[in-house]
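Structure first, then comments.
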Amino acid sequence: MAAPPLGRLVLTHLLVALFGVGSWAAVNGIWVELPVVVKDLPEAAAFQGLLLLLPPSPPSVPTGGPGPGLRVGTPGVEEQEEEEEESPLQESPSQAAGSPLPDPKASQLFSVRGACLLGLLAVTNALTNGVLPAVQSFSCLPYGRLAYHLAVVLGSSANPLACFLAMGILCRSLAGLCGLSLLGLLFGAYLMALAILSPCPPLVGTSTGVVLVVLSWVLCAGVFSYVKVAISSMLHGGGRPALLAAGVAIQVGSLLGAVAMFPPTSIYHVFHSGEDCVDLCGP
């Protein structure tokens, strides 16, 4: 199949980029402003409810690329590359020889490796889209609004940086991705502990505490972003069924993470906020 003209490819890439940037800029822009305005707005929770009126962001399933969005390339050439490239989800010949399925791409999803990748993708999205954002204010505000602001801004910046890193260094080892996820869990556990101990977490009122909480948020966001990008790129080798399964895993994981955090934050009030001009951590 003949390749389309270069001008059409450039225009298509540009339109897809603008489509992705449009919604992500709105969501991330308001999210970055929250540490500055949320305590001063008379609308309070109502302000955050307006986020529901924003257009949804494109799914974070890069079909062959490292960042959130879609992959646009040369028709025909991509299909040939997909057929020639050995899928990282494919089972070994000894495993697949027993009972091969009619569609080899669909069989990859039912392999142990494919199930582990989809499960890991769901867990990481549950943490980054549901669990950790629910406690970010509780873990950061005891150290001051500046710490909260830096954690949100730098944490958002860690996402694209991790995607660019994946362009040059892409981990395709399941053990390596599990190890990175464990590292991200350690940072997440530290941040969760700070939120539980709010409004008097360790090192409150010190520069060391500010540096640690901001650095933990940046590294946690960066590590999980890299893991999600790597898994999504690996699932691209499974074709449309694998990408559909990845999208389901992302949305289900995000939903479960958000639902799981609703009772402790809004019903049982496990996490407590400090009060302005009141020192609750003094002797």
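The values are calculated or read from the model by the stated rules, or taken from the named source; none is laboratory data. Owing to the predicted nature of the structure, the values given are computational and were not obtained by experimental measurement. With ideal geometry, Cβ positions are generated from the backbone for all residues, glycine too; neighbour counts draw on all protein chains shown. Calculation scope for accessible area: heavy atoms of the full protein, side chains included, ligands and nucleic acids excluded. Shrake-Rupley method; radii C 1.70, N 1.55, O 1.52, S 1.80 Å.
Brief remarks on what is shown
- Length released on extending from H269 to L15, taking residue separation times 0.36 nm less the Cα-Cα span: 87.0 nm
- L186 paired with F164, simple spin-label distance in nm, labels 7 Å along Cα-to-beta-carbon: 2.6 nm
- Computed P(r) (all Cα pairs; the stretch 114-245; 5 Å bins; percent): 2, 11, 20, 21, 17, 12, 8, 5, 2, 1, 0
- Accessible surface for S111 stands near 0 Å², nearest 10, in the context of the full protein assembly shown (1.4 Å probe).
- Calculated FRET value between L219 and R8, using beta carbons and R₀ = 51 Å, to 0.05: 0.80
- The length gained by stretching the chain between S157 and V248 to full extension, at 0.36 nm per residue less their Cα-Cα distance, is 30.2 nm.
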